[in-house]
Amino acid sequence: MALLEVEHLRKAFRTPEGQILPVVEIPGFCLDAGEQVALSGPSGTGKTTFLNLIAGILTGDSGKILLDGRDMTALSEADRDRHRAAVIGYIFQTFNLLQGFTCLENVLLGMSFGPGADRHRARALLERVGLGDRLDYFPRQLSTGQQQRVAVARALAHRPKLVLADEPTGNLDPANAARALALIRELCSEQGSALILVSHDPSVLAAFDRRESLATLNAAAQKGSQP
């Protein structure tokens with residue numbers, strides 16, 4: 001069953017020179033519940049924009065994004081925020097942890113935007129990612145790899161149906177990157193969460209059975225528009 005269906009999605013930005021620059025132009029994309037896909041493409045090709053469109057952080061110029069039965073493009077900003085909080089977990093490349101809050105508080109705050117904070121689950125998930133002895137540490141007291149694991153715990157804490165991961169291993173050394181990737185995929189599988197993971201790392205991409213190139217998806221639209 002399709003969890004996510006994208007139809008004729010387009011997004012363009014205006015350059016400082018006043019030109020219109022198409023960034024995302026995808027005729028179709030589909031993801032089933034629990035499915036995992038790696039999305040590749042060079043920097044600047046619209047991968048993060050595509051994730052933000054799916055999440056409702058950005059709005060497209062045209063097209064539809066059907067997420068868990070609701071059209072994100074037809075919702076108000078407040079309704080998009082609520083639907084995103086209930087359905088999506090987002091792992092950002094820069095982690096986006098709140099520096100004035102502890103590991104446990106970061107996860108609890110992330111949960112509060114969805115069904116509600118659950119201290120027992122937050123603690124259990126941080127223990128699951130190997131940070132049971134760092135609950136009261138602040139992000140600045142953690143290594144980069146540890147901060148990334150807090151970000152993973154926060155994104156998965158409310159059992160989202162879809163996890164979006166934007167270059168989640170980009171700031172990690174190869175060993176930590178491999179561990180982080182395995183952790184993300186394992187937790188998603190355990191919870192039945194679908195996963196769209198953006199990366200340009202060949203070793204990361206090779207781990208996925210399904211791999212999509214955003215350039216190829218966009219090229220399909222460009223080819224279809226030719227006379």
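Computed from the coordinates by the stated procedures, all read-outs in this text should not be read as laboratory data. Remember, predicted model here, so these are calculated numbers, not experimental data. Heads up, the Cβs are rebuilt from the backbone with ideal geometry, glycines too, and the neighbour counts pull from every protein chain shown.
A few comments on the model shown:
- To the nearest ten degrees, helix 214-225 and the longest principal axis of the Cα atoms of the chain are 20 degrees apart.
- In degrees, nearest ten, helix 174-191 long axis to first principal axis of the chain (Cα): 90 degrees
- Each of Glu7, Glu25, Glu190 was scored by other Cβ atoms within 10 Å of its Cβ. Arranged with the fewest first, they read Glu190, Glu7, Glu25.
- Going by neighbour counts of Cβ atoms within 10 Å, the residues Lys64, Lys11, Lys47 line up, fewest first, as Lys64, Lys11, Lys47.
- With contacts taken as Cα pairs under 8 Å at a separation of at least 6 residues, the chain carries a relative contact order of 28 percent.
- Counting neighbouring Cβ atoms within 10 Å and putting the fewest first, the residues Arg149, Arg70, Arg140 line up as Arg140, Arg70, Arg149.
- The orientation-averaged shadow of the Cα convex hull for the stretch 41-81, equal to a quarter of the hull surface, comes to 3.2 nm².
- Most fluctuating residue given options Asp68, Asp201, Asp133, as computed from a GNM of the chain linking Cα atoms under 10 Å: Asp133
- In whole angstrom, the chain maps to an equivalent ellipsoid with semi-axes of 30, 19, 17, each derived as √(5λ) from the alpha carbon gyration tensor and ordered largest first.
- Spin-label model distance (nm) - Ala33 vs His8, 7 Å beyond Cα toward Cβ: 2.8 nm
- Distance between the stretch 156-195 and the stretch 38-59 - C-alpha centres, whole angstrom: 17 Å
- Stretchable slack from Arg119 to Ala78, in nm (0.36 nm times residue separation minus alpha-carbon distance): 12.1 nm
- Estimated from the Cβ-Cβ distance and a Förster radius of 25 angstrom, the FRET efficiency linking Leu109 and Glu190 is about 0.65.
- Grouping the Cα pair distances of the stretch 1-54 into 10 Å bins from zero gives a pair-distance distribution of 20, 49, 24, 6, 1 percent in increasing distance order.
- To the nearest ten degrees, helix 77-87 and the longest principal axis of the Cα atoms of the chain are 60 degrees apart.
- Two-site label geometry, Asp136 and Asp61: point separation in nm, points 7 Å out along Cα→Cβ: 5.4 nm
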